[in-house]
Each structure stands twice: as C-alpha cells, then as structure tokens.
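This report refers to the structure that appears directly beneath it.
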Amino acid sequence: MVICHPIHDSFTRACADRATAALKAAGHAVDVIDLYGDGFSPELTENERQVHHEGLELKPSIAGHAAKLQWANRLVLVYPTWWGAQPAMLKGWFDRVWTTGVAYELPEGKSQIRGLLRNITSITAITSHGASKFVNMLEGEPGKRMLSRQIRPMCSWRCRFRWVPMYGVDGASEAGRQAFLARIGTAMARR
Amino acid sequence: MSTSFSHALLEATQCGLARGGHQYTTIDLYADGFRAAMTTEELRNYLTPGSSQDDLVNRYIAMVKQADGMVFVYPTWWAGLPAILKGFCERVLGSGVAFRATTASDGAISIKPNMRHVKRLVGVTTYGSSHWMTWLTNDGGRRILMRAMRLNTARLCRRTWLGHYALEQSTPQSRELFLTKVENRMARL
C-alpha cells in the first residue's frame, strides 16, 4: 500500500487506515509505504536519468521500493487527486521507482516495452477529488487513466483495476465521508 | 540534464519567442532546485493566498501573475508531467494564483478561475511512445495542461501542442526537424 498525504490526521489517512484494517481482517500481510512519512524525494535525479535504461543493479537508490513491488500481489494507492492526477510526490514515486528493470524491460530490437511486475494481480486506487465528477470528466481524469492504461499493463495479464473515488470531497458531509469509508471496506474485501 | 533534448527544445522555444518579438522569462525547475512535494504547512493553508513560506514559490507566483501566456517544456514520463512540474502546478498555481476560493457560511468551498490574464497555453514535449499509442493510453500531461489548466485561464485562451513522439526510434534528422518546427511555431505565436 502506498499512502501519499502531507497531513497526518487527514481524511486520506483515515481512508488508508480503513483499507489496512480491512485487508488485515481478511488475513493479508500489508506493507505500507508512507511517502511523506518516509521523506521520499520525488524528483528524478540527473544520475538516475543517466542509468534510466540500465538494469536494477545500477539503481541502489530505489532497490528497497523495487523489492516491495516484486513482493506484492496487490497494489493499493491512497492519495488525494490534485490538478486531475496524482500528487507530485506520488508521480515522482512512479517516475523514480517504476523504471527499466523494475516495472518493464525493452527487449533487444523491440520498440514496445514489456511489463515485469507480473506478480501484481490487482491495483486499487482510493482517492478524493475536491472537484465534482463533472469537472473531473472535463479534465479527462488523467490520474485514473495513467493507472488503468499505463501502469496496469506492467502488471499481470489478468490484473484488475479498481477505482474507488470520492468526488466533491470539499463540500462533503460527515455522513458522506463515513459512507465512503464503508465503501473502502467493501472494495478491499474483493480481489 | 543540461545536455538533454528537452534543453535543446527550451533553446528553440526561446529563440522562436525572441524572433517573434515576445518578452519572456524562463523558470528552470531543476536548476533552481525547486522541491516538488507540497509541504504540510502549505496544504494546511492551501486556500489562503500568499501563505507559502518558500521564497522560490513566491518568486514564481509573481512571475506567473505577470504572464499573458505560459509555455511548458518537459519530457513526458508515464503519460504525465514529471513530478517536479506537477509539483509546480500544485505549489505555485494555487489559491490566489490559478483560482480564487471562497468559503460559504455552511463551509462549502467555491472555486473561481483567476488566470484570466493567461491567453495562451503551449506544451512542448517528448514521448517514448508512438503517437497512436499515446492516444490509446491517454496523454495525461496534455490533459492537465490543456484541459484542467484551461478551466482557470482567459475564456478565449488558445492552446498549442507540439510533441515529438517515439523518441526512442528518433533520428538526428527527426529531432532537428522538430526543433525547427518548435522555433517557427513559437515565432508565429
């Protein structure tokens, strides 16, 4: 599970806690990456860009994250949607960690990359949107589509993508938030 | 990286803008040491204009307020903006800059566009994927800059998109051609 929110007592955190509890209750082992808590640095560095096309052995800075990805069979992302997509912190995690040798390889002489994270059979995105569903539709849901169309093909052939969004969270009532937390519990119970 | 193709694109953009008689200022996020991640304090005071404690953010805000157009030059990664540019949108183009937020008595927040002075948005970018693959898997960076951003700019704001696709299979000729195209298009803005 990857959590991305700078405030410790945020609604995103409550969502992550609910998801963790539901997964543990179902008997799953949960490994949490808390990007803000861990002080992750989201900017791809010049050195990392230079070895971008090399294998994992030349990328010690992301080895820990890569090992967790190779271990997991389910990826749960919990984050707020800003400007229609993942926060820079989470985008940086994809930029830096999901590289050649971890997420995909480019076979010799081929022009299409091939996914390597075949162990991941399910991706769930739990996210809150300040804006309404209509505004997000106008923006084209770049965050949702990155996960379903770019990230999912790097995973198992039968990888499911589950989208658990809460639109209009800015004007949401307490009851609306509680209902969303209950929905997370249901979503986690499914594969 | 100062030797990158994106930097060559930046130079072509600057040459084109100068040729067309446009005045411009350049923000180089990596060279300035900009930090992409929104901080706890910034998010807590997100709706209060000018609340950032970061001098760099405040300098960028002053530059954006002067602009009647914005040009974004970047490589597309995972069909989106590099984190550092996404962070620029989040930390710099906030309340009082990109939009105005008003809180009603019942706590509901309403957002109004605040970049009416921006009449042109331009994206100059490179893709690893081919044009049709980018279309198929969705171009998130373009959607953020050309759609989400466009909701906050002038009503008649025009948009220009220039992309070099399939960069892995590119040739020196194709890159040269694209640089010329970018420069000429910028001169004609």
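Rule-based calculations on the coordinates, nothing more; no lab input. Predicted, not measured: the structure shown is a model, and the values here were computed from it. Glycine also receives a Cβ, built like all others from the backbone with ideal geometry; neighbour counts cover every protein chain displayed.
Unpartnered cysteines of the protein assembly as shown (Cβ-Cβ under 4.7 Å counts as a partner)?
Isolated Cys, the protein assembly as shown: A:Cys4, A:Cys15, B:Cys15, B:Cys89, B:Cys157.
Pull out the extension gain between A:Val32 and A:Ala67, defined as 0.36 nm times the separation in residues minus the alpha carbon to alpha carbon distance; nm, one decimal. Walk me through the numbers before you get to the answer.
On the way: separation 35, 0.36 × 35 = 12.60 nm, distance 1.30 nm.
The A:Val32-A:Ala67 span can extend by a further 11.3 nm.
List the chymotrypsin sites (Phe, Trp or Tyr not before Pro) within region B:92-189 that DSSP assigns to loop and that have no more than 11 neighbouring Cβ atoms inside 10 Å.
Values: sites: B:Phe99, B:Tyr127, B:Trp132, B:Trp135, B:Trp161, B:Tyr165, B:Phe178; in loops: B:Tyr127, B:Tyr165.
Qualifying residues, ordered by number: none.
Given that compact globular proteins tend to follow 2.2 N^0.38 Å, what is the ratio of the alpha-carbon Rg of region B:64-146 to that value? Mind showing how you got there, number by number?
On the way: Rg = 15.4 Å, N = 83, 2.2 N^0.38 = 11.8 Å.
Ratio of Cα Rg to 2.2 N^0.38 Å: 1.31.
Dividing the Cα radius of gyration by the Kirkwood radius, what Rg/Rh value follows for the protein assembly as shown? Working shown, then result.
Values: Rg = 20.7 Å, Rh = 21.6 Å.
Dividing the radius of gyration by the Kirkwood radius yields 0.96.
Given Cα pairs under 8 Å that are at least 6 residues apart, what percent is the relative contact order of chain B?
29
Please determine, in degrees from 0 to 90 and to the nearest 10, the orientation of helix B:5-19 with respect to the longest principal axis defined by the Cα atoms of chain B, where the helix direction is its Cα long axis.
The angle comes out at about 80 degrees.
I need two numbers for region B:102-151: Rg to one decimal and Dmax as a whole number, Cα atoms only, in Å.
Spelled out, the Cα radius of gyration and Dmax of region B:102-151 are 16.3, 50 Å.
Taking neighbour Cβ counts within 10 Å as the exposure measure, how do B:Ile144, A:Ile7, B:Ile84 sort from fewest upward?
Fewest-to-most Cβ neighbours within 10 Å comes out as A:Ile7, B:Ile84, B:Ile144.
From the gyration tensor of the Cα coordinates in region B:2-51, what semi-axes in whole Å does the equivalent ellipsoid have, largest first, with each one equal to sqrt(5λ)?
Values: eigenvalues 199, 52, 9 Å².
With the √(5λ) rule applied to region B:2-51, the semi-axes are 32, 16, 7 Å.
Under 8 Å for C-alpha pairs, at least 6 residues apart: give me the relative contact order for chain A, rounded to a whole percent.
Working: 281 pairs, mean separation 47.2, N = 191.
It comes to 25 percent, rounded to a whole number.
Please report, in debye to the nearest 20, how large the charge dipole of the protein assembly as shown is about its Cα centre when each Lys and Arg carries +1 at its beta carbon and each Asp and Glu carries -1 there.
Values: 47 positive and 31 negative charges, 326 e Å.
Here the size comes out at about 1560 debye.
Ratio to report: Rg/Rh of region A:1-131, with Cα atoms as the point set and Rh obtained by the Kirkwood method; give two decimals. Walk me through the numbers on the way to the answer.
Values: Rg = 15.6 Å, Rh = 15.9 Å.
Using only Cα positions, Rg/Rh for region A:1-131 is 0.98.
Using +1 on the beta carbon of Lys and Arg, -1 on that of Asp and Glu, and nothing else charged, what's the dipole of region A:76-181 about the Cα centre, debye to 20? Spell out each step's value before the answer.
Numbers: 14 positive and 7 negative charges, 87 e Å.
Charge dipole, region A:76-181, about its Cα centre: 420 debye, nearest 20.
Under a point spin-label approximation (7 Å from Cα along Cα-to-Cβ), what is the B:Met1-B:Thr25 distance to one decimal in nm?
3.0
Among B:26-35, A:144-153, what's the highest-first ranking by average C-beta atoms within 10 angstrom per residue? Could you put the intermediate results ahead of the total?
Details: B:26-35: 14.6, A:144-153: 20.6.
Peptide ranking by packing, descending: A:144-153, B:26-35.
Would you please give the FRET efficiency between A:Glu54 and A:Asp17, computed as 1/(1 + (r/R0)^6) with r the Cβ-Cβ distance and R0 = 41 Å, to the nearest 0.05?
Values: r = 38 Å, r/R0 = 0.93.
Here the calculated transfer efficiency is 0.60.
Chain B: percent of C-alpha pairs farther apart than 20 Å? Could you put the intermediate results ahead of the total?
Working: 10344 of 17766 pairs.
Taking all Cα-Cα pairs of chain B, the fraction more than 20 Å apart is 58 percent.
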